[in-house]
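Enquirer: Take this structure, written in structure tokens, and hold onto it; I'll ask about it next.
The values are calculated or read from the model by the stated rules, or taken from the named source; none is laboratory data. As the structure is a prediction and not an experimental result, all values here were calculated from the model. Cβ placement follows ideal geometry from the backbone for every residue including glycine, while neighbour counts extend to all protein chains displayed. These accessible areas exclude ligands, DNA and RNA; they are computed on the full protein's heavy atoms, side chains included. Shrake-Rupley method; radii C 1.70, N 1.55, O 1.52, S 1.80 Å.
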Amino acid sequence: MKNVLVVISGPSGVGKGTIARIITEKNKNVALSISCTTRFPRDGEKDGREYFFVGRDDFEKGVSENGFLEYSEHFGNYYGTPKDFVLKRLKSNDVLLEIDVNGGLNVKKSFPEAVLIMVVPPSLEELKARLVGRHTESAKDIKLRMDRIEYELSKSSYYDYTVVNDDLHRAVEKIEEIILKEKNK
Ligand code: ADP
Ligand code: 5GP
């Protein structure tokens, strides 16, 4: 079976992080890529676990040295996928990227064999409830994320698969099935 590069995208609050954590905990063959970001850590986040938290200067240096597989700017901060990490891990593992739709589409350009999975909510009301209920952003940051929901969802048709995150464990299972199917192709 080959190793696959899997991208999970979807609007903020849909459950990407939760799903990615469960999949990588359950499946030791799947490594989660840790992105770099210039945003500040939220309460409980740890450098090198959720993200590598870096300054703008260091991020821009990484960009100029071609160190990112892709990067984008969201909500006033940079986010990027470290190229070395992904390419090294792919030699021995499947690699999961949890990135936005533009990042996913950019990865597909340089890696046509990447598998793009869009996670969508059962309804917009439920998505907004999850985003607010997470209690991790200010009202202003929640508004910025909500304003982007429609854009993220509008790119679903470019993705290889769409998975509804209604029941969390069912969504995890569906993504595990997709990974297995793609590994066997
Ligand atoms: P994202 O990484 O897409 O921004 P998170 O993984 O942080 O989203 O999830 C947002 C919130 O929704 C969290 O509080 C999480 O516990 C909750 N959540 C995730 N999946 C589900 C689900 N299937 N049903 C109900 N709540 C969920
Ligand atoms: P958050 O600040 O909520 O952790 O993430 C904000 C957005 O940045 C989410 O849509 C998330 O998927 C995206 N993101 C996280 N890491 C990366 C990355 O490396 N590249 C890109 N393009 N987007 C990312």
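Enquirer: Which residues does a label at S156 reach in the stretch 111-133, if reach means a backbone N under 15 Å from a point 7 Å past the Cα toward the Cβ?
Expert: 117-128
Enquirer: Have a look at S35, S12, S138 and tell me which one the Gaussian network model of the chain (Cα, springs below 10 Å) gives the largest fluctuation.
Expert: Comparing S35, S12, S138 in the GNM, the peak value goes to S138.
Enquirer: Using a 1.4 angstrom probe on the protein heavy atoms only, could you order K143, K155 from most to least accessible area?
Expert: Sorted by accessible area, descending: K143, K155.
Enquirer: Let me know the shape class of the stretch 2-98, please: from the alpha-carbon gyration tensor, a ≥ b ≥ c as square roots of the eigenvalues, rounded when a/c is under 1.5, otherwise prolate if a/b is greater than b/c, or oblate.
Expert: oblate
Enquirer: Taking springs between alpha-carbon atoms closer than 10 angstrom, which of G55, G44, G80 fluctuates most in the Gaussian network model of the chain?
Expert: It is G44.
Enquirer: To continue, here is another question. State, as an integer percentage, the relative contact order of the stretch 5-183 based on alpha-carbon contacts under 8 Å between residues 6 or more apart.
Expert: 33 percent
Enquirer: To the nearest 10 Å², what's L32's accessible area with a 1.4 Å probe?
Expert: Roughly 60 Å² of L32 is accessible to a 1.4 Å probe.
Enquirer: Considering only C-alpha atoms, what is the centroid distance from the stretch 90-131 to the stretch 158-185, in Å?
Expert: 11 Å
Enquirer: Just the accessible area for E113, please: 1.4 Å probe, Å², rounded to the nearest 10?
Expert: 120 Å²
Enquirer: Which order do S33, S64 take when ranked by solvent-accessible area (1.4 Å probe, heavy atoms of all protein chains), largest first?
Expert: Greatest to least solvent exposure: S64, S33.
Enquirer: Here is a follow-up. Suppose we keep just the DSSP beta bridges with both residues in the stretch 5-183; what percent of those would be antiparallel, to 5?
Expert: 30 percent
Enquirer: Expressed in whole Å with the largest first, what are the equivalent ellipsoid semi-axes of the stretch 5-183 derived from the C-alpha gyration tensor as the square root of 5 times each eigenvalue?
Expert: So the equivalent ellipsoid measures 22, 22, 15 Å along its semi-axes.
Enquirer: Let me check the size of the stretch 118-185 from its C-alpha atoms; what are the radius of gyration and Dmax in Å?
Expert: In order Rg, Dmax, the Cα atoms of the stretch 118-185 give 14.2, 45 Å.
Enquirer: For the full complex of protein chains and a 1.4 angstrom probe, list V119, V132 by accessible area with the highest value first.
Expert: Largest accessible area first, the residues go V132, V119.
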